[in-house]
Amino acid sequence: MGANFRAVPLRSAVILAALALWLIAIAFLRKLSIDESQYVASAVLTSKGLLPYRDYAYLQTPLQPFAFAPLQWLFPGHLLIAMRLANAMLGAGTIILVFGAARRMGASGRVALAAAAMLAVCEPFTWSAGVARNDMLPAVLMMLGLFAIAKAETGLRMAGAGVAFGLAAGVKISYALPAAAIFVASIWSRDWGERRRSLWFAAGVTAGLLPSFILILLAPRQFLAEAIIFPAVGPEQYYTDIGKAWRLGPNRFFRLLIAAAIGPALIASIEIIARSWGEPGRWLGDRRRRIMLAAALGGLISAALNRPFQIFYLLPALPPLFVLAALLLGEDRPRWVKGAWALSVAAGIVPVAAWVVNAANAGIAPALDAQRRADALGAALREEQVAGPIATLAGQFVPDADADVDRRFAAGPFLYRTRDFISGEQAREWYAVTRDQAGPMSEQPPAAIVTGNYPDVQPAQEVELAEQARALGYRPTAEAEGLIIWTRR
């Protein structure tokens with residue numbers, strides 16, 4: 001990564017290594033998320049040669065399972081922890097690239113390191129780096145693109161940056177908006193050279209999206225339903241059903257502000273907006289700063305568009321924001337502003353401290369507890385002589401129990417909890433089961449069904465799956481750490 005990293009002092013290298021260890025610790029300490037079920041299941045299914053959309057339901061753009069499938073080959077029986085640690089390392093890579101991009105844009109080593117370290121205490125970042133989801137891979141890809149742009153805006157660099165952004169959008173569609181914002185910010189320039197480079201960037205984005213386009217063309221109807229229509233209607237239906245439709249309205253903007261305030265993201269945004277307004281020639285007139293601002297704004301818009309807002313949706317805005325923050329930290333600023341930054345950093349540490357306390361009270365870190373549950377489930381399944389796919393909403397445990405996830409449950413509880421979303425014929429063709437389309441299970445019964453009470457469970461969906469199991473002639477025959485095994489004899 002050039003001279004920016006060859007000249008890193010030993011102290012800076014030690015601090016960056018400490019930040020990586022901080023994220024590794026978070027990967028063990030962060031409580032389980034129900035979201036992890038679909039990402040663990042999709043990685044396993046892809047490792048066996050199955051493709052998203054065509055062979056199993058997948059509710060995101062398609063590249064994440066291919067990146068994480070090798071972890072199933074390398075760490076069988078420990079996939080959840082391996083995916084969490086992989087995301088922690090991707091988070092560390094994002095921090096390093098923020099540091100390097102800030103250095104390329106003129107920040108001193110000290111302030112670039114401070115800005116990168118403050119990114120590591122923003123709750124949307126620590127939350128995302130600690131779970132087995134699809135947040136950190138696109139973040140590091142985006143920063144690879146911005147790191148290239150930070151050095152110089154040649155056509156080749158802009159094309160390479162576009163490829164990185166295209167791949168990021170292929171992992172998570174939220175990253176399409178930062179890419180679009182960068183293109184708009186460049187194409188509207190009066191500088192013809194910058195306009196030409198924006199076309200290079202667009203060409204790179206298109207190239208980066210090609211793998212996704214190929215996978216989409218293999219099953220376009222499934223992609224449209226699962227990755228486009230479902231995010232628009234599925235959460236709205238669910239939150240309305242559980243009496244929390246208020247989370248779909250203006251309340252989500254308040255939650256966004258709270259998420260930004262747990263850590264220095266909010267104060268960084270305020271100060272950067274104030275500087276851009278007060279010194280437009282210096283901030284908006286500089287091409288590289290304008291591109292970083294566009295990327296951060298695109299990430300913020302993508303977060304605000306989600307209904308309801310969840311804390312991890314803010315992540316795309318943060319890496320470019322803290323590259324810009326590094327350009328502020330080296331300047332003279334009032335003492336009260338520095339004090340506000342210090343308070344915001346302290347606020348960002350509070351959630352992690354709470355995770356430490358919770359793990360201490362439980363006597364075991366959540367990631368290790370998940371491994372314990374998976375091991376117990378595997379032993380119980382072997383005792384019951386279960387051989388074949390397991391129907392479950394707890395897909396984060398089954399692969400590490402050395403058992404097969406029924407691909408009809410690859411999307412975890414999210415697709416399952418919908419109603420009137422797919423027809424019976426679509427359920428059969430698309431390898432999916434929902435609470436109102438359980439026909440595929442009666443036609444091809446799974447070897448066992450696993451329900452239960454486990455971390456971050458959604459009890460209503462577990463009850464519905466248990467009722468479907470009972471209707472199909474399954475009976476609870478074993479229990480393992482809160483997980484109930486249903487079999488037919």
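What to note about this one:
- Out of Leu156, Leu144, sole residue that is among the hydrophobic types (A, V, I, L, M, F, W, C), surrounded by fewer than 24 Cβ atoms within 10 Å (Cβ to Cβ) and at pLDDT below 95: Leu156
- In summary, helices (runs of 4 or more DSSP H) completely within segment 361-465 and bearing 2 or more residues that are free of Cβ contacts under 8 Å to residues at least 24 places away in the same chain and closer than 30 Å to Ile229 by Cβ occur at 424-429, 439-443.
- Counted residues, segment 316-341 - those being under 30 Å from Gly145 (Cα atoms) and either part of a helix (DSSP H, G or I) or not assigned by TED's automatic domain parsing to the domain that holds Met136 (or both): 15
- Flag for Phe66 being at pLDDT 95 or above, among the hydrophobic types (A, V, I, L, M, F, W, C) and in a helix (DSSP H, G or I): yes
- When residues of segment 30-53 are limited to those that are of a type in the set (A, V, I, L, M, F, W, C) and either over 18 Å from the mean Cα position of the chain (by Cα) or surrounded by 21 or more Cβ atoms within 10 Å (Cβ to Cβ) (or both), the one modelled with the lowest pLDDT: Leu32
Rundown of residues vs (1) of a type in the set (Lys, Arg); (2) buried (at least 20 other Cβ atoms within 10 Å of the Cβ); (3) outside the structural domain of Ala432 (by TED's automatic domain parsing), yes/no style:
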position: Arg196; (1), (2), (3): yes, no, yes
position: Val205; (1), (2), (3): no, yes, yes
position: Ser212; (1), (2), (3): no, yes, yes
position: Phe230; (1), (2), (3): no, yes, yes
position: Glu236; (1), (2), (3): no, no, yes
position: Asp241; (1), (2), (3): no, no, yes
position: Asn251; (1), (2), (3): no, no, yes
position: Pro264; (1), (2), (3): no, yes, yes
position: Ser276; (1), (2), (3): no, no, yes
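- Of all positions in segment 383-391, none carries a residue that is touching a Leu at 6+ places or on another chain (Cβ under 8 Å), surrounded by fewer than 22 Cβ atoms within 10 Å (Cβ to Cβ), over 14 Å from Leu465 (Cβ atoms) and assigned by TED's automatic domain parsing to the domain that holds Arg475.
- Filter pass, Phe201 being under 24 Å from Tyr416 (Cβ atoms), touching a Phe, Trp or Tyr at 6+ places or on another chain (Cβ under 7 Å), at pLDDT 90 or above and of a type in the set (Phe, Trp, Tyr): no
- Test: Trp283 is over 30 Å from Leu29 (Cβ atoms), among the aromatic types (Phe, Trp, Tyr) and over 22 Å from the mean Cα position of the chain (by Cα): yes
- Residue under evaluation Gln385, criteria (1) at positive phi; (2) under 21 Å from the mean Cα position of the chain (by Cα), criterion not met: (2)
- Meets criteria (β-branched (Val, Ile, Thr) and within 27 Å of the chain's Cα centre (by Cα)) for Val337: no
The values are calculated or read from the model by the stated rules, or taken from the named source; none is laboratory data. What you see is a predicted model, and the numbers here were worked out from it, not measured in a lab. In this analysis, Cβ positions are derived from the backbone assuming ideal geometry, glycine residues included, and neighbour counts consider all displayed protein chains.
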